[in-house]
Amino acid sequence: MPATLRSSIVHHRKTRTRDGLRLMTSPMHSVAALSLLCWAATAGAQCGGISSTPSAAEDCAFHAVPTDRAAQIDPAHPYPLAELIDIAENNNPRTHIVWERAKQAAERLGIAKSAYYPVLSGIAAFADQRTIGPFPKPLAPRGYTMVEVPAIQPELTLDYLLFDFGKREATIDAATAEKLAAGASFIRANQEVAFVVATAYYKLQTAQERLTATQETLKTAQTTQDAAEAQLNNGRSTLPDVLNARAETSQAVFDNESADGDQKIARVALTEAIGAEPSPNIIIDRQDKTSLPQALTMTIEALIDRAIQDRPDLAAQAAEIRAADQEARAAKAEYLPRIALSATGAQTSIWPTSDYGQLGNASEPTWSVGLGIEWRLFDGGARKNELAIAQSKGRAARDEMREKQDQATREVWTAYIGFRTAMRKQQAAEALLDSANASYSASLDAYKYGVKNLIDVVTAEKQLAQARLSGVSARSELFLQAVNLEFVTGNLLRKQPSATQTQDGQKP
């Protein structure tokens with residue numbers, strides 16, 4: 001990796017510590033590792049990128065607050081890929097969504113843990129009661145008494161679940177597993193955003209290189225047209241030859257305009273990917289002299305093992321299996337009794353009055369304590385169905401894990417084959433471009449000396465144009481396949497060694 005690219009990455013990725021995690025800033029020599037070096041620039045900015053475990057990522061997301069704003073793009077500043085990924089992870093709506101879901105998972109764990117604590121409630125009652133009480137006439141002239149009792153009663157109630165045969169523990173374990181799943185999903189979402197940005201970046205770079213290639217092709221076509229017109233003026237060519245050359249120039253102009261439109265559309269796609277308002281007003285640092293990845297550093301078996309061990313989506317699925325198992329455990333605990341303590345304490349104050357006789361005032365503490373056992377003996381099958389649902393979730397989660405592992409293996413194989421194919425295509429494209437250049441130059445010189453006709457020159461010109469576009473496509477595909485290989489193995493935005501190396505054998 002060139003020194004300019006390394007310094008750009010180090011400039012945007014300062015070393016920072018948070019929760020015992022140290023962010024690495026040592027440069028990597030493989031361009032394929034460009035995206036996975038995008039560590040967080042600010043605390044809490046990209047927790048999925050700086051944290052090595054789902055738990056650390058979730059904790060980081062829980063304590064940090066994402067920026068609620070759209071990215072601002074400087075149309076005069078050339079953005080390297082590392083900086084674009086940093087902007088995307090701070091501003092892309094996808095990272096904000098999974099960020100909030102990670103926070104919600106942490107809050108649900110807090111709710112589950114609160115079941116171990118007693119519930120203390122305060123009640124304040126203010127009452128005024130008026131009643132009629134029958135009473136013998138010798139003692140009450142009207143045969144009844146009218147009593148009014150105003151009362152004030154502040155009260156505290158305590159409910160404390162003492163024992164429930166492991167239901168609370170299972171609920172907490174399930175919430176913890178969901179929290180880890182949210183952290184793993186957060187890491188994966190950051191990787192997906194980084195992959196989308198890297199893909200959009202390289203597509204824009206391809207579009208720009210294609211525009212450059214069409215401009216070169218236009219120059220070649222104009223050179224051919226000039227040669228044909230010169231030969232016509234010297235009486236060694238015909239008007240149809242000149243018209244044919246002009247048609248090729250017009251086609252080159254058409255291709256150039258098409259390429260210019262494509263690269264502007266690619267700019268819009270890149271700004272959208274990073275979370276900015278879609279616009280063509282963005283400039284990228286193309287790093288034209290960057291060395292191409294030319295070799296793999298790992299076998300296919302090692303790549304598959306890395307994917308199975310490190311992919312965050314598989315880690316999230318493993319946590320989902322654990323959560324489903326704990327839900328089944330909590331459902332089984334519903335068949336067993338619960339032991340709970342309940343208590344109340346109050347200060348009751350009353351000032352009764354009667355229309356006959358005299359009643360006394362009272363302000364005394366009152367209380368009650370009870371230890372109860374609750375055991376549901378029949379509930380119409382609710383517990384049975386809840387347990388069946390939880391067990392079904394566990395079976396589905398395991399089947400989904402197997403499906404995701406197979407998918408991961410297939411994706412690694414596809415990326416592995418794609419990278420090896422891209423390497424061979426790049427080598428073939430270089431050889432094709434050299435041959436096409438030599439063929440066109442020789443054909444043009446021969447035409448000028450009258451040895452070949454214009455058809456031979458136009459054919460060589462078309463071959464050269466195709467070779468230029470093939471070279472652009474092959475270079476871009478090689479970069480994309482290298483990044484894809486890191487993505488499907490779960491290594492994007494992480495600090496493990498890269499799966500590829502440059503032609504000089506350098507490794508991260």
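All of the numbers you see were taken from the coordinates with simple rules; none came from a lab. Since we're looking at a predicted model, the values are computed, not measured. Every residue, glycine as well, gets a Cβ built from its backbone with ideal geometry; the counts of neighbours run over all protein chains shown.
One table, with the values for the structure above:
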| read-out | value |
| --- | --- |
| Sequence-distant lysines (8 or more away, or on other chains) whose Cα lies within less than 23 Å of Lys332 | Lys113, Lys167, Lys179, Lys384, Lys393 |
| Cut-off under 5 Å, modelled amide H: who pairs with Tyr79 long-range | Ile283, Ile284, Asp285 |
| Where labels lie 7 Å past Cα in the beta-carbon direction, separation of Thr366 and Gln104 in nm | 4.5 |
| Cβ charges +1 (Lys, Arg) and -1 (Asp, Glu), total dipole of the chain, debye | 780 |
| At least 30 Å along the helix axis (C-alpha) and Kyte average at least 0.0, DSSP helices within the chain | 454-488 |
| Per-residue [θ]222 nm for the chain (sum of -39500 (n - 2.57) over DSSP H runs n ≥ 4, rounded to 500) | -20500 deg cm²/dmol |
| Partner aspartates and glutamates for Lys103 [C-alpha distance under 15 Å; skip if fewer than 8 residues away on the same chain] | Glu58, Asp59, Glu178 |
| Amide H within-cut-off set for Ser237, under 5 Å, with H built and near neighbours excluded | Leu232 |
